[in-house]
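Novice: The structure follows.
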Amino acid sequence: MDLFRKAILHPGPPQDFALQTVQQAIKPQKQVKLVQDENQLLENILRTLLQELVSAAVQSGEEIMQYGQPIDDGDICRGQIPRLLDIVLYLCEKEHIEGGMIFQLLEDLNEMSTMRNCKDVFGYIESKQDILGKPELFARGKLVMLRTCNQLLRRLSKANDVVFCGRIIMFLAHFFPLSERSAVNIKGVFNTSNETKYEKEAPDGSSIDFNFYKTIWSLQEFFSNPGSLTPALTKWQKFSSSLTVVLNTFEAQPLSDEEGSAINLEDEGSNFSIKYLTSSNLMGLELKDPSFRRHVLVQCLILFDYLKAPGKNDKDMPSDTLKEEIKTCEERAKKLLEMMPPKGKEFLRSIEHILERERNWVWWKRDGCPPFEKQPIEKKLAQETGRKRRPRWRMGNKELSQLWKWADQNPNALTNPERVGTPAIMDYWKPLAEDMDESAGIEEEYHHKNNRVYCWKGLRFSARQDLEGFSRFTEHGIEGVVPLEILPAEVRSKKYQAKQADRSKRAKKDDSRGSLQQVEESQSVTPPANEIDMDGSRNENEGSGAGGESDGMIALSVDVSQGDTSATPDEHQKQSSDGDADGDGLEAGQIEAEVGMNNTIADGEMDAEADLDVVA
Amino acid sequence: MGVEKMDCTNWDEDSYRDGILQERETLSRTVFRTAFAPNPNPNPNSDHIITASSDGSIASYSISACLEMGCGSARGRNWLMAEPQFLIQGHDGPAYDVKFYDDSLLLSCGDDGRIRGWKWNELLGSEVSMEGAKMKPILDLVNPQHKGPWGALSPIPENNSIAVDSQSGSIYAAAGDSCAYCWDMEKCEVKTVFKGHSNYIHSIVSCKLSNQIITGSEDGTARIWDCKSAKCIQVIDPGKDDKKVSFPSAVSCIALDSSESWLVCGKGQFLSVWNLPARECVSMTKTNASVQDVIFDNNQILAVGAEPLLTRLNMNGDILSQIQCAPQSAFSLSLHPSGVTAVSGYGALVDIISQFGSHSCTFRCRGL
């Protein structure tokens, strides 16, 4: 031990003599690295030495980090204890001795010191952060370090030592990897014990608006436990009405620049308080204080961020009306922050930045705290590609440059007949139309309506080319968008039974004609194409009111017609196209008359006709 | 409407009709002026507020009592009818103004051309004075009538506003015959008559330091008068050089700041701020509705008008804030030293706004 005591006083950098001293003291088995027992021995020696030094320092009344005559180490002068730490740190760093030793010593030192000395010790730790954070040392000492820091934090007063607390927390944040999750509040539990007490009864002779006083402080209850807001709508309503009153008031009494700057002058560390006092007598002063208002508004923003953040399941998501309310409140709060002197705009910008980061952390936590460190393999790849001399591309990379040049190289691309264009919706929807034919027996799994990309593309096409069809989407879903013309006759008729219901009434009147015959007949009737839209829309209106016993009969009759003719939908169309040839010859007036009579006829034939028009 | 009134077994149609009529009347009444009562103890508590309404009644309400009744929390369109501490029939026809003289005398004026004074302590002390309609004023001043040929007398001109200068013992009245009168309180007679306006006078303030008064008239001008000589020193015509204010409108309200060197005039939709020593217009601001009352709050201006908003401006005429207030059209604005503001107006509504800008209570005044 005396050897070490002398060694501390030895001038010059530690690497000159440290290893030598250890070798002298322990006489190790290996030259440069100590084995387990030797480490233990050395640790005991060092800890005793440290203890002696500290007690000597305390007795002498000096600050422990400055104790003893300063030892000249190159250009800096240090006390004995930092010197000892320097030597041990050097040995640890070079792996001559076990890495955890320095951490053990630091913990001892912190536990032995008074709070004021701890500040110095911690300053030492901060200055050696780079070395302590090296992977080999970090792995040995992270738990001890965490314990030391937490112990320190526990000893410190949260109200008076905020700066030191902050230093410790900052150190921990740097010391541990970014994705270290031990300190993460994984479940997002709120500190509900942080209760803000305020006066419930107005004191006698109070000159302030006591209702307002209660309103503004009652908000704290919600801020301390935002989770309580979402499930209960009544609570949210209470909160939002209170908040509106507060925001109204803030808006009604904007702070002038003088008030803003007056506060700024005394805004120093000593005036920093962790919590505002809630006496009703202070209300007027607090409302004039921009930092008080800022606290309340920032609390609001934090709360809104929490409410907008995605919950664990979709049920937790706020409803649309709630979202809307949150949005308006948030905008108001932000505007108030922006207008508030001093430097409202800058303040708001930093707050938004901080909240943005906070949101990222929330997402990170939701994704299960993935580590940020990239795998070394990727790094190597990146380096390899980096080493090669890449040709410089004009637009940044090869693909973009090619795209850029492509137009020059293909001047007739636009007029190229083989150019891929938007498909006509008639063609596009055919696969779905075929799937909708139940007789085809497409399994649900392969049904086109379940192909979301297909549906989405189709909806885009329909929105451009066939607005009327697109509008059917709201009522009938994706299958409603498919143009009626390309639907198989069977599906068509099923969907639009209402018309046929009307027709069935007529069929009852006119018994001489069989329903089957009528279907066939009606298919040959060809109203002009320009009537289709009108009828189609009417068809929709009637479709919703469909019902009654006649439906079954009609469906049956159509089946029969199909069975009889044993025609595929395509053949139906052909048939009707034959009829169409005749119909075209008719005068428009006549046709319209006919349509007037027959406008209750199922639109199947009209659609078929329209389809033909498109084809032709 | 109480339940017993709705009982059809002993149906009293008259009382039912009267009830409905009274309710309608209440809704259409206007509070033309409010005044905070002086408080003898140092506690800056603004408890009593006196109202002058269009039915000629002078009433006092206790704000703390109103809060207990629940006027504070009731937002929306249904304001509670507050119970006054006392209610007196002050004037025949509408009462236009109430002011305190030396903290002990309550002055009121109205359409009947009278200025009446009541002892404040007696009013407060008489517990049973809820129906103090018969209470006698200790002071009753009647505006002089103009004599025409053959002894014809003009009607008594109404008093639109009064100003008090207790140091010299005078009351200034803005009368409807386009004259302002200075009354001597000792002798109860007219000391001075200020003639010069070409139309009736809306408002009047007195400058105690310079022994002047300033009047605002329907003829669109404000005039500064010297009290000794009863001569007009200066005619202020807000917006004379300004093309924006081409239409003729009255100077409906004027206010002086505490140093008596700044004057603000409300003319139509415009607010103009004047520096009196320099006799210059400093700023001119257009508001959304015509201004109906204006006061100074330290170096800021509070204004109300024919919209449910209390506007706060700085001396440059920039709008600092606008607070929603209850009356659809506000006629009066009064400020307590503690910063509490009372806005009152159409619908017999009084809205008390705390120094923080929050609504501490809103109530409807009771009719006679």
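Residue-by-condition table, conditions (1) over 25 Å from the mean Cα position of the chain (by Cα); (2) under 22 Å from A:Q104 (Cβ atoms); (3) in the same structural domain as A:N117 (by the TED database):
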residue: A:V144; (1), (2), (3): yes, yes, yes
residue: A:R181; (1), (2), (3): no, no, no
residue: A:N185; (1), (2), (3): no, no, no
residue: A:K197; (1), (2), (3): yes, no, no
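Novice: Considering only segment B:1-35, state which residues are buried (at least 20 other Cβ atoms within 10 Å of the Cβ) and either at pLDDT below 90 or under 20 Å from B:L80 (Cβ atoms) (or both).
Specialist: Residues of segment B:1-35 that are buried (at least 20 other Cβ atoms within 10 Å of the Cβ), as a first pass: B:29-35.
Across segment B:1-35, the qualifying residues are B:R29, B:T30, B:V31, B:T34.
Novice: Additional query: Output yes when any residue across segment A:184-204 is touching a helix residue (DSSP H, G or I) at 6+ places or on another chain (Cβ under 8 Å) and within 14 Å of another protein chain (Cβ to nearest Cβ), and no when none is.
Specialist: yes
Novice: Just checking, how many residues over segment A:480-495 are at pLDDT 80 or above, surrounded by 20 or more Cβ atoms within 10 Å (Cβ to Cβ) and assigned to a helix (DSSP H, G or I)?
Specialist: Of the residues in that region, 1 qualify.
Novice: Here is a follow-up. Please give the number of the condition A:E136 fails out of (1) over 26 Å from A:L3 (Cβ atoms); (2) among the acidic types (D, E); (3) part of a loop (DSSP other than H, G, I, E, B).
Specialist: (3)
Novice: Hey, another quick one. Which residues, counting only those in segment B:328-342, are in a strand (DSSP E or B) and more than 12 Å from chain A (Cβ to nearest Cβ)?
Specialist: Within segment B:328-342, B:A330, B:F331, B:S332, B:L333, B:S334, B:L335, B:A342 meet the criteria.
Novice: Can you tell me which of A:S207, A:S280, A:S218 is within 14 Å of chain B (Cβ to nearest Cβ) and at pLDDT 85 or above?
Specialist: A:S218
Novice: Only residues that are in contact with a helix residue (DSSP H, G or I) (Cβ under 9 Å, 6 or more places away or on another chain) and of a type in the set (G, A, S): list them for segment A:434-452, please.
Specialist: Once the filter is applied, which keeps residues that are in contact with a helix residue (DSSP H, G or I) (Cβ under 9 Å, 6 or more places away or on another chain) and of a type in the set (G, A, S), segment A:434-452 yields A:S439, A:A440.
Novice: With (1) in contact with a helix residue (DSSP H, G or I) (Cβ under 6 Å, 6 or more places away or on another chain); (2) not in a helix (DSSP H, G or I) as the list, and A:A159 as the residue in question, which single condition is left unmet?
Specialist: Every condition holds for A:A159 apart from (1).
Novice: One residue is enough: does segment B:78-100 have a residue meeting the conditions within 14 Å of another protein chain (Cβ to nearest Cβ) and either closer than 20 Å to B:D351 by Cβ or at pLDDT 85 or above (or both)?
Specialist: no
Novice: Do we find a residue being more than 19 Å from A:E251 (Cα to Cα), within 14 Å of chain A (Cβ to nearest Cβ) and crowded, with 22+ Cβ neighbours inside 10 Å anywhere in segment B:344-362?
Specialist: yes
Novice: Looking only at residues in segment B:277-327 that are outside any strand (DSSP E or B) and among the small types (G, A, S), which one is farthest from the other protein chains (Cβ to nearest Cβ)? Write out each step before concluding.
Specialist: In the first step, residues of segment B:277-327 are kept if they are outside any strand (DSSP E or B); the result is B:277-279, B:287-290, B:298-299, B:306, B:315-318, B:325-327.
Now narrow it down to the ones that are among the small types (G, A, S): B:278, B:289-290, B:306, B:317, B:326.
On the way: B:A278: 24, B:A289: 18, B:S290: 22, B:A306: 20, B:G317: 15, B:A326: 14 Å.
Filtering segment B:277-327 for residues that are outside any strand (DSSP E or B) and among the small types (G, A, S), the one farthest from the other protein chains (Cβ to nearest Cβ) comes out as B:A278.
Novice: In the set B:C227, B:C207, which member is farther than 25 Å from B:V142 by Cβ and either of a type in the set (A, V, I, L, M, F, W, C) or touching a residue at least 60 places away in the same chain (Cβ under 8 Å) (or both)?
Specialist: The conditions single out B:C207.
Novice: Moving to a separate point now. Let me confirm something: among B:D297, B:D351, which residue is touching a Phe, Trp or Tyr at 6+ places or on another chain (Cβ under 9 Å) and of a type in the set (D, E)?
Specialist: Criteria check complete, one pass: B:D351.
Novice: Another question, if that's okay. Taking A:W364, is it surrounded by 11 or more Cβ atoms within 10 Å (Cβ to Cβ), at pLDDT below 85, closer than 29 Å to A:N185 by Cα and of a type in the set (F, W, Y)? Write out each step before concluding.
Specialist: On the way: surrounded by 11 or more Cβ atoms within 10 Å (Cβ to Cβ): yes; at pLDDT below 85: yes; closer than 29 Å to A:N185 by Cα: yes; of a type in the set (F, W, Y): yes.
Judged against the criteria, A:W364 is a match.
Novice: Being part of a helix (DSSP H, G or I) and not polar (S, T, N, Q) is true for just one of A:K238, A:K200, A:K187. Which residue is that? If you could, list the steps in order and put the result at the bottom.
Specialist: Details: A:K200 fails: part of a helix (DSSP H, G or I); A:K187 fails: part of a helix (DSSP H, G or I).
The match here is A:K238.
Novice: Name the residues in segment A:221-231 that are at pLDDT 80 or above and either assigned to a loop (DSSP other than H, G, I, E, B) or within 14 Å of chain B (Cβ to nearest Cβ) (or both), would you?
Specialist: Listed by number, the list holds a single entry, A:N225.
Novice: Please count how many residues of segment B:246-276 are among the polar types (S, T, N, Q) and part of a strand (DSSP E or B).
Specialist: Residues meeting the conditions: 3.
Novice: Which condition number does A:R390 fail, the rest of (1) surrounded by 10 or more Cβ atoms within 10 Å (Cβ to Cβ); (2) at pLDDT 75 or above being met?
Specialist: Exception for A:R390: condition (2).
The values are calculated or read from the model by the stated rules, or taken from the named source; none is laboratory data. These numbers come from a predicted model, not from an experiment. Counting neighbours? That spans all protein chains shown, and the Cβs are built from the backbone with ideal geometry, glycine included.
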